[in-house]
Amino acid sequence: MLQIIETWIDKMAERRVRSAAQSSSRRSAVAKIGTMMVGGAVLPMLPFDRSGGEAHAGMPAIDDPMKCEYWRNCALDGFLCTCCGGSVTTCPPGAEASKVTWVGTCKNPKDGKDYLVSYNDCCGKVACGRCLCNFNERERPAYRMGVHNDINWCMADKQTMYHCTVSVIVGVA
Ligand code: ABN
């Protein structure tokens with residue numbers, strides 16, 4: 001009987017010692033460091049969304065004049081002047097608004113009204129090359145030039161070089 005009790009006590013002690021050794025051994029410490037190193041190397045590779053710029057973080061694209069999806073741009077085909085040193089309604093320094101324009105109709109999501117928007121090309125500088133948008137709402141084929149938006153409207157001006165496009169509200173539809 002005494003021997004059985006001794007064996008039982010031995011086994012229990014052995015189990016305790018083994019589990020203590022496992023949680024504090026050099027091997028387990030190395031395993032933990034290894035896990036942390038792999039985690040540190042893999043985490044930066046995960047696909048975080050880094051697209052939000054500081055100035056426009058959190059702003060919905062439909063309200064952001066520097067995005068193609070800005071509501072006034074619904075029928076704009078060209079480079080946004082807001083990305084080229086100008087504003088929604090003014091050409092960048094050194095460029096001049098075209099005399100002839102393409103007019104579209106866009107719905108303002110804030111008040112639900114449809115507005116007539118004049119897309120004036122800004123002329124006299126090389127193509128800006130930033131924020132290219134291509135929306136063609138209510139556009140008609142090129143043989144009806146007045147209702148086609150894939151046109152360089154600077155061609156009627158002295159400075160025929162196209163730089164970018166502004167979106168000026170000219171009325172309520
Ligand atoms: N109206 C913008 C534009 C300019 C040049 C060529 C195509 C479109």
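Since every read-out is calculated from the coordinates, none of them should be taken as a lab result. As the structure is a prediction and not an experimental result, all values here were calculated from the model. Cβ atoms come from the backbone with ideal geometry, glycine included; neighbour counts cover every protein chain shown.
Results, tabulated for the structure shown:
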{"item": "Full-extension gain in nm, Ala173 to Ala61, via 0.36 nm per residue minus C-alpha separation", "result": "38.0 nm"}
{"item": "Relative contact order (%) - the range 56-172, alpha-carbon pairs under 8 angstrom, separation at least six", "result": "34"}
{"item": "Thr7 paired with Arg130, simple spin-label distance in nm, labels 7 Å along Cα-to-beta-carbon", "result": "8.4"}
{"item": "Residue pairs, from the table Lys67/Lys158; Lys99/Lys158; Lys67/Lys113; Lys125/Lys158, whose Cα atoms sit over 18 Å apart", "result": "Lys67/Lys158; Lys67/Lys113"}
{"item": "Sequence-distant residues sharing a close amide H with Lys107 (under 5 Å, placed H)", "result": "Tyr115"}
{"item": "Shape call, the range 56-172: gyration tensor on alpha carbons, a/c limit 1.5", "result": "oblate"}
